[in-house]
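What follows is a set of notes on a single structure, which appears directly below.
The values are calculated or read from the model by the stated rules, or taken from the named source; none is laboratory data. Note that the structure is predicted; figures quoted are calculated from it, not measured. Cβ atoms come from the backbone with ideal geometry, glycine included; neighbour counts cover every protein chain shown.
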Amino acid sequence: MSGPLTTLQPKKLSTLSANKTMNLRIPTSDGESIGAWFILSDRYYHKLPAIPTQESLPAQHIPVAIQEHPTILFLHGNAATRAFTARIQHYQTFTSRLGVNVLAIDYRGFADSSGTPTEAGVIHDARAAWDWLARKGVDGDDVLIVGHSLGTGIGAGLASELTKDGITYKGLTLLSVKSIMSLLNQKLIKVL
């Protein structure tokens, strides 16, 4: 399924610094393809001697940026896409004030991602994003999973899956949780 992001990308990407963001496709374990943005930390981006090219981002800059700065895996809510203005403001705040990189994905059936969303499917999407970061050399202890609204359940599901697989991560932050009791009842999170 292709959505409005396809026509909005140039405008939305231009609200971020030049070539600070890479638009990419991430394959999932069940054959779907999700759209994503990787946004460099301001602390990394501003120390560069020149603006990177889109060609140099994947090979030259992303592996170095994730070694030098923590990364947020951002899992958005139900409405709109990764290009929604309020989300871009989150990314800008995360990269500038916290000095982190951001990987923001659109779930299957959202924007330029293929497929139809299902509960298991969107958790596969989050895991595909995690695995993409791992292939780039990220240390799991440097990745904070941030879920907003619908993304809280997806983030909790990903965190549960990673924990079962013995994979560590920096933490899980849940923003605008619709039903904490639902997450507790599904045993996706536990009270410490």
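Computed quantities for the displayed model
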item	result
Residue list for region 133-161, filter: assigned to a helix (DSSP H, G or I) and either charged (D, E, K, R) or farther than 23 Å from Asn78 by Cβ (or both)	Leu133, Ala134, Arg135, Gly140, Asp141, Asp142, Glu161
In region 124-163, the residues that are charged (D, E, K, R), within 23 Å of Ser41 (Cβ to Cβ) and either in contact with a Pro (Cβ under 7 Å, 6 or more places away or on another chain) or surrounded by 23 or more Cβ atoms within 10 Å (Cβ to Cβ) (or both)	Lys136, Asp142
Residue ID - farthest from the chain's Cα centre (by Cα), chosen from residues in region 147-183 that are at pLDDT below 90 and among the hydrophobic types (A, V, I, L, M, F, W, C)	Met181
Answer residue from region 38-67, given it is part of a helix (DSSP H, G or I) and of a type in the set (Val, Ile, Thr) and is farthest from the chain's Cα centre (by Cα) among those	Val64
Conditions (1) among the small types (Gly, Ala, Ser); (2) outside any loop (DSSP other than H, G, I, E, B); (3) exposed (fewer than 13 other Cβ atoms within 10 Å of the Cβ); (4) modelled with pLDDT of 90 or more; number of the one not met by Gly35	(3)
Every residue from region 71-95 that is surrounded by fewer than 18 Cβ atoms within 10 Å (Cβ to Cβ) and either touching a Gly at 6+ places or on another chain (Cβ under 7 Å) or within 25 Å of Arg135 (Cα to Cα) (or both)	Gln92
Among the residues listed as Gly99, Gly115, Gly109, Gly166, the single one being under 21 Å from Met22 (Cβ atoms) and part of a loop (DSSP other than H, G, I, E, B)	Gly99
